[in-house]
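K.L.:
This is the structure, below, for whatever I ask next.
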Amino acid sequence: MMKNTKNQLGLRIRTARKEKGINQTELANLLGKSLRTVQKYESGEIEVSIAMINEIARVLGTTSTYLIGYQTEQKPISNLADVMEFLFHLDRIKELGFDIDVKRPPHYDGWECSITFNGKDMSTELNQDLCLFLEQFRDERNNLKSYISTYETYQDWQDKTLAYYAQAELTEKEVENLSPEERIRRRNAILNEQLGK
């Protein structure tokens with residue numbers, strides 16, 4: 001975490017603590033930490049682990065995403081074009097890679113479409129993280145649907161997950177402007193590979 005980010009985290013901890021109406025000593029006691037450690041959290045002198053951020057959020061009655069300053073975009077997904085636009089954005093991310101699979105008649109009974117992230121794809125930095133997330137997401141979602149967990153527990157899991165991954169920054173892929181000749185050469189290489197030549 002960069003110094004400026006630590007300072008922002010410290011300021012948010014201080015703000016949430018004051019809104020809760022407790023002083024630094026009381027917060028230290030609630031966290032099982034020393035007063036000096038809490039002072040260092042708030043001044044940005046030391047890095048706060050995500051586990052401690054989650055604990056501070058719980059004690060102060062706020063969210064981990066608020067404490068780290070993660071802001072989700074407030075624009076709601078209101079139509080199918082919004083979902084499609086998200087997929088276009090996702091396709092431009094350098095650290096992720098996915099395949100699209102479509103199964104439909106007459107070669108398949110149903111009609112299914114899926115996006116697959118290969119967790120063992122070494123050309124991507126974050127596919128493995130996304131696969132771990134999707135596995136957890138499936139389990140948490142199923143727990144909610146089968147009444148094993150409450151909606152509040154599900155929201156808490158979402159908040160902690162977003163806070164954890166907020167530091168994993170993404171970059172856009174560089175677009176290659178190819179000459180027509182180079183594009184044809186690369187296309188022929190792919191066809192030769194597919195045909196086993």
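Nothing in this text is a laboratory measurement; each read-out follows from the coordinates by a stated rule. Computed from a predicted model, the values in this text were never measured in an experiment. Neighbour counts run over all protein chains shown; Cβ positions are idealised from the backbone, glycine included.
K.L.:
Taking the Cα centre of the range 73-197 as origin, sum charge times position over the Cβ atoms of Lys and Arg (+1) and Asp and Glu (-1), and report the length of that vector in debye to the nearest 20. Mind dumping the intermediate values first?
P.N.:
Details: 16 positive and 25 negative charges, 109 e Å.
Computed charge dipole of the range 73-197: roughly 520 debye.
K.L.:
How high is the FRET efficiency between Arg58 and Glu19 when r is their beta carbon distance and R₀ equals 22 Å, given to the nearest 0.05? Kindly include the intermediate steps, with their values, before the conclusion.
P.N.:
Values: r = 15 Å, r/R0 = 0.67.
Result of the calculation: an efficiency of 0.90.
K.L.:
Please give the net charge around Lys145, taking every other residue with its beta carbon less than 12 angstrom from that of Lys145, where Lys and Arg add +1 and Asp and Glu add -1.
P.N.:
On the way: positive: Arg138, Arg141; negative: Asp139, Glu140.
That sum, taken over residues with Cβ under 12 Å, equals 0.
K.L.:
Shifting gears a bit: To the nearest 20 Debye, how big is the dipole of the range 10-133 about its Cα centre, given +1 on the beta carbon of each Lys and Arg and -1 on that of each Asp and Glu?
P.N.:
780
K.L.:
While we're looking at this one, here's another question. Translational diffusion coefficient, Stokes-Einstein: compute it for the chain using the Kirkwood radius over C-alpha pairs as Rh, at 10 °C and 1.306 mPa s, and state it as an integer in µm² s⁻¹.
P.N.:
Values: Rh = 20.9 Å.
For the chosen part, D equals 76 µm²/s.
K.L.:
Quick query: amide H of Ile93 versus all other amide H atoms, modeled in the peptide plane; which residues come in under 5 Å with a sequence gap of 5 or more or a different chain?
P.N.:
Lys173
K.L.:
Among Cys113, Cys131, rank each residue by its count of other Cβ atoms within 10 Å, from fewest to most, as a rough exposure measure. Show your work: numbers first, answer last.
P.N.:
On the way: Cys113 9, Cys131 16.
Going from sparsest to densest Cβ surroundings: Cys113, Cys131.
K.L.:
Rounded to whole Å and ordered largest first, report the semi-axes of the equivalent ellipsoid of the range 1-87 derived from its Cα gyration tensor (root of 5λ).
P.N.:
On the way: eigenvalues 200, 39, 20 Å².
Three semi-axes, in Å: 32, 14, 10.
K.L.:
State the three equivalent ellipsoid semi-axes of the range 80-150, derived from the C-alpha gyration tensor as the square roots of 5 times its eigenvalues, in descending order and whole Å. Could the numbers behind the result be given before it?
P.N.:
Values: eigenvalues 101, 88, 40 Å².
Whole-Å semi-axes of the equivalent ellipsoid: 23, 21, 14.
K.L.:
With +1 assigned to the C-beta of every Lys and Arg and -1 to the C-beta of every Asp and Glu, and no other charges, what is the dipole magnitude of the range 3-68 about the Cα centre in debye, to the nearest 20?
P.N.:
Values: 11 positive and 6 negative charges, 20 e Å.
For this selection, approximately 100 debye.
K.L.:
At Val83 and Thr150, where each label point lies 7 Å from the Cα along Cα→Cβ, what is the point-to-point distance in nanometres?
P.N.:
So the label points at Val83 and Thr150 sit 3.1 nm apart.
K.L.:
Multiplying the sequence separation of Arg183 and Thr161 by 0.36 nm and subtracting their Cα-Cα distance, what value in nm do you get?
P.N.:
Gain in length upon complete extension: 3.8 nm.
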